[in-house]
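Chemist: I'd like to ask some things about the structure below.
The values are calculated or read from the model by the stated rules, or taken from the named source; none is laboratory data. Being a predicted model, the structure only gives us computed values, none of them experimental. Cβ placement follows ideal geometry from the backbone for every residue including glycine, while neighbour counts extend to all protein chains displayed.
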Amino acid sequence: MNEQLNIRQLTEEREESLSPFAQKSRLSRGRREYEEPCPVRTDFQRDRDRILYSNAFRRLKHKTQVFIAPLGDHYVTRLTHTLEVSQIARTIARALNLNEDLAEAISLGHDLGHTPFGHIGEAVLDEISPHGFRHNEQSLRIVERLERNGRGLNLTWEVRDGILSHSKTNSSILPEHYERASTIEGEICRLADVIAYVNHDTEDAIRAGAITEGDLPLSAVTVLGLSNSARINTMVNDIIGQSWAASGSETPDTASGVHITMSPEVLEATNIFREFLFNRVYDVRSSQHESEQAREIIRLLYKYFTTNENKLPPEYRLGDDDRERRVVDHIAGMTDRYALRTAEEMSLLDNRIKQPPLLID
């Protein structure tokens, strides 16, 4: 046992060689409920593993990124998106000598709260729920309250903060004022998320015939690169270069002024690329018939379960939350396929909704 205890302690000692801006696991603000330290893993490694083994993480494989229940095998899902974000975040964290374990844990948990049918599902739940709905807040709710039959995962404060702070507005990736994560590793996840979806959503849209490579904005492609891999490489290298002060080459009195960022040129190109996707892929598709089907499914499920609360699964009938909150928790946790199947089984929809070609964000 003493040798096992030394494994975690040795890892924590190695973390002392990280950048002074890195969040050391031994200096975590801790968990809501105290737990004895793991003899082998640091607290952030333990959080990563809890997220990986959670039910919400497993469901990501059948949740939409852009395409709903696509027939092809190579379209991105929330699970593959999450794995890409994790890989990008780990690369940046390692290069800047930051806490790779913390960046990984935040990345793996950042999208647990996404609804079925992508952001369309999120938008509808936000419209109809008296509490409103944001997927980053739902991700936090999952790890704090919903997993393990209402006990939550009891994650560290830093991982929960990073999960809550990863979301972005539609206007800009790095607006002048926004609510930053409290750790540099949390800021890494925020930008790694953008790098992942801007590139794989473009690839999927081309694969689906929604756009062509010739449609891509020339000014952005000129800066970022012609291929998916080239653009990712440009963005990641730019972030590392621009954020090099966070590597700890010098030790300042405070880390409050250091942030993960992009150069003005690459940031502008990335924003142009992102705006192009909203205009040509996301927002355009939101008005199509397939998206309206997805909206109707969410509305009908919400109406059914709020008027038939006894039909909720047992785990969503527990606790002191009001009925609407429990119904939203249940719907938000559904995969695309399960939402479609549930609606069909309840005879809420006619036979037109069986294999929709749905392309939405």
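Chemist: Name every residue in the range 203-220 that is in a helix (DSSP H, G or I) and more than 26 Å from the chain's Cα centre (by Cα), in order of residue number. So that I can check it myself, show each step before the final result.
Modeler: Restricting attention to the range 203-220, the residues satisfying the condition of being in a helix (DSSP H, G or I) are 203-207, 213-215, 218-220.
GLU213, GLY214, ASP215, LEU218, SER219 - these are the residues of the range 203-220 that are in a helix (DSSP H, G or I) and more than 26 Å from the chain's Cα centre (by Cα).
Chemist: Check off (1) in contact with a Phe, Trp or Tyr (Cβ under 9 Å, 6 or more places away or on another chain); (2) in a helix (DSSP H, G or I) for SER172 and give me the number that stays unchecked.
Modeler: For SER172, the exception is condition (2).
Chemist: Kindly indicate whether HIS166 is within 22 Å of VAL281 (Cβ to Cβ), at pLDDT below 95 and surrounded by fewer than 24 Cβ atoms within 10 Å (Cβ to Cβ). Let's see the steps before the verdict.
Modeler: Numbers: within 22 Å of VAL281 (Cβ to Cβ): yes; at pLDDT below 95: yes; surrounded by fewer than 24 Cβ atoms within 10 Å (Cβ to Cβ): no.
It is false that HIS166 is within 22 Å of VAL281 (Cβ to Cβ), at pLDDT below 95 and surrounded by fewer than 24 Cβ atoms within 10 Å (Cβ to Cβ).
Chemist: Taking only pairs six or more apart or across chains, which ones have beta-carbon atoms under 8 Å, a first residue in the range 315-334 that is without any contact (Cβ under 8 Å) to a residue 24 or more places away in the chain and closer than 12 Å to PRO130 by Cβ, and a second residue that is surrounded by 23 or more Cβ atoms within 10 Å (Cβ to Cβ) and acidic (Asp, Glu)?
Modeler: Taking only residues 6 or more apart or on different chains, not a single pair turns up.
Chemist: Just to be sure, is SER229 small (Gly, Ala, Ser), under 23 Å from the mean Cα position of the chain (by Cα) and either at pLDDT below 70 or at positive phi (or both)? Let's see the steps before the verdict.
Modeler: On the way: small (Gly, Ala, Ser): yes; under 23 Å from the mean Cα position of the chain (by Cα): yes; either at pLDDT below 70 or at positive phi (or both): no.
No.
Chemist: Now, a different point. Cβ-Cβ distance below 8 Å, separation of 6 or more or different chains: which pairs start in the range 30-52 with a residue that is part of a strand (DSSP E or B) and end on one that is surrounded by 14 or more Cβ atoms within 10 Å (Cβ to Cβ) and of a type in the set (Ser, Thr, Tyr)?
Modeler: Hits for this filter: ARG31/THR156.
Chemist: I've got another one for you. Within the range 122-156, work out how many residues are surrounded by fewer than 20 Cβ atoms within 10 Å (Cβ to Cβ), polar (S, T, N, Q) and under 13 Å from ALA56 (Cα atoms).
Modeler: Going through the range 122-156 one residue at a time, the tally reaches 1.
Chemist: From the list GLU185, GLU137, which residue is in contact (Cβ under 8 Å) with a residue 40 or more places away in the chain and outside any loop (DSSP other than H, G, I, E, B)? Outline the logic, then answer.
Modeler: Working: GLU137 fails: in contact (Cβ under 8 Å) with a residue 40 or more places away in the chain.
Among GLU185, GLU137, only GLU185 is in contact (Cβ under 8 Å) with a residue 40 or more places away in the chain and outside any loop (DSSP other than H, G, I, E, B).
Chemist: Moving to a separate point now. Which of the residues that make up the range 185-213 are buried (at least 19 other Cβ atoms within 10 Å of the Cβ), acidic (Asp, Glu) and out of contact with any His (no Cβ under 8 Å at 6 or more places or on another chain)?
Modeler: Answer for the range 185-213, where residues must be buried (at least 19 other Cβ atoms within 10 Å of the Cβ), acidic (Asp, Glu) and out of contact with any His (no Cβ under 8 Å at 6 or more places or on another chain): GLU185, ASP201, ASP204.
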